[in-house]
Amino acid sequence: GGHMDKNKGKKSLLALFLLALLFLFPVLYMLFRSVYAVGDGISFLSYYEVLLGRPEYLVRFFRSLGMCLLIAAGQTLISCLAGTAFAKYRFIGDRFWFAVFVLFMILPIQVTLLPNYILLEMLGFLNSWKALIIPAVFSPFGTVWLTFVFRAVPDGSLDAARIDGANQLQLIRYIITPAAKPAVVTLFVLTFTESWNMVEQPMIFLEREQDYPLSVFLAAVSQGDIGIQSVCGLLCLVPVTFFFLYYREELTDGLKDVLWG
């Protein structure tokens, strides 16, 4: 029986290795083509061009990074406040408004693009990054998610903190958010990833190509130069990979709590 278990373990490990290799193949291919050019051999010229020689690549990278960090932080903050209101307080129309949030959350993004375009045009936000940031910050997904998570925070701990003189913001900062840290971190990372990969919104809300974030700019970067394209692709992977590796435990716990309770 022990011998059979060892064989099954080896087969499972081999299957996982092959599956990981399959998913990593595009990254490995980009890494290979970033330093190897057919006919020229190994060269790090593409890295020099992207990182030092042509600053427009890094400028777009850091601008996109700043925009996505702002979106992720803004939506996380708004969701913590709104999630607390829906989870811990009763007010007129609370169930109705929560149902509205759920409805808008499940709508495909293509359905909301036109209403958002009309509203942003009326506000004068088109052709600026405000058109990308503001709708994303007030996305209903985070509010719905954290409402369900915050409902599990014991009311007794909130009452004890109120007796000690804590105000509402202190309750959120020191009691509710720490108790649901995995879910809050997961929301931040998922929101960052979604905004980092946005394509439809920049192409519709922005007219000038120079305003496009990195996610759209990559489609047209140095066409014909596979080396520079590969380096830019690898650069685009850095922030998301960092967040998923750095917060891997919080992501595992946060997704497990939400999906399986």
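The values are calculated or read from the model by the stated rules, or taken from the named source; none is laboratory data. Being a predicted model, the structure only gives us computed values, none of them experimental. Counting neighbours? That spans all protein chains shown, and the Cβs are built from the backbone with ideal geometry, glycine included. Note: accessible area is taken over every heavy atom of the protein model, side chains too, but ligands, DNA and RNA are not part of it. Shrake-Rupley method; radii C 1.70, N 1.55, O 1.52, S 1.80 Å.
The table below gives the values:
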| item | result |
| --- | --- |
| For the chain, calculated [θ]222 nm from helices alone, where every DSSP H run of n ≥ 4 adds -39500 (n - 2.57) | -23500 deg cm²/dmol |
| Cleavage-rule hits (trypsin sites (Lys or Arg not before Pro)) in region 126-174: DSSP loop, at most 15 neighbouring Cβ within 10 angstrom | Arg151 |
| Heavy atoms of Ile118 accessible to a 1.4 Å probe, total area in Å² rounded to 10 | 80 |
| Residue of Leu251, Leu28, Leu235 that the Gaussian network model of the chain assigns the largest fluctuation, springs spanning Cα pairs under 10 Å | Leu28 |
| Low-density loop positions, GluC sites (Glu not before Pro), region 170-242 - DSSP coil, at most 15 other Cβ in 10 Å | Glu207 |
| GNM result for the chain, Cα springs below 10 Å: residue of Ser43, Ser128, Ser195 fluctuating most strongly | Ser43 |
| Extension gain (nm, one decimal) between Ala166 and Thr252, 0.36 nm per residue minus Cα-Cα | 27.8 nm |
| Amide H partners (placed H, <5 Å) of Tyr36, local residues excluded | Ser43 |
| Low-density loop positions, chymotrypsin sites (Phe, Trp or Tyr not before Pro), region 119-215 - DSSP coil, at most 10 other Cβ in 10 Å | none |
| Label corresponding to P(r) over Cα pairs in 5 Å bins from 0, in percent when calculated from the structure given, among (1) 1, 6, 13, 17, 19, 17, 12, 7, 3, 2, 1, 1, 0, 0, 0; (2) 1, 5, 10, 12, 13, 13, 12, 11, 8, 6, 4, 2, 1, 0, 0; (3) 1, 6, 9, 9, 8, 8, 7, 7, 7, 6, 6, 5, 5, 4, 3, 2, 2, 1, 1, 1, 1, 0, 0, 0, 0, 0, 0 | (2) |
| Cα centre as origin, Lys/Arg/Asp/Glu Cβ charges: the chain dipole, Debye | 660 |
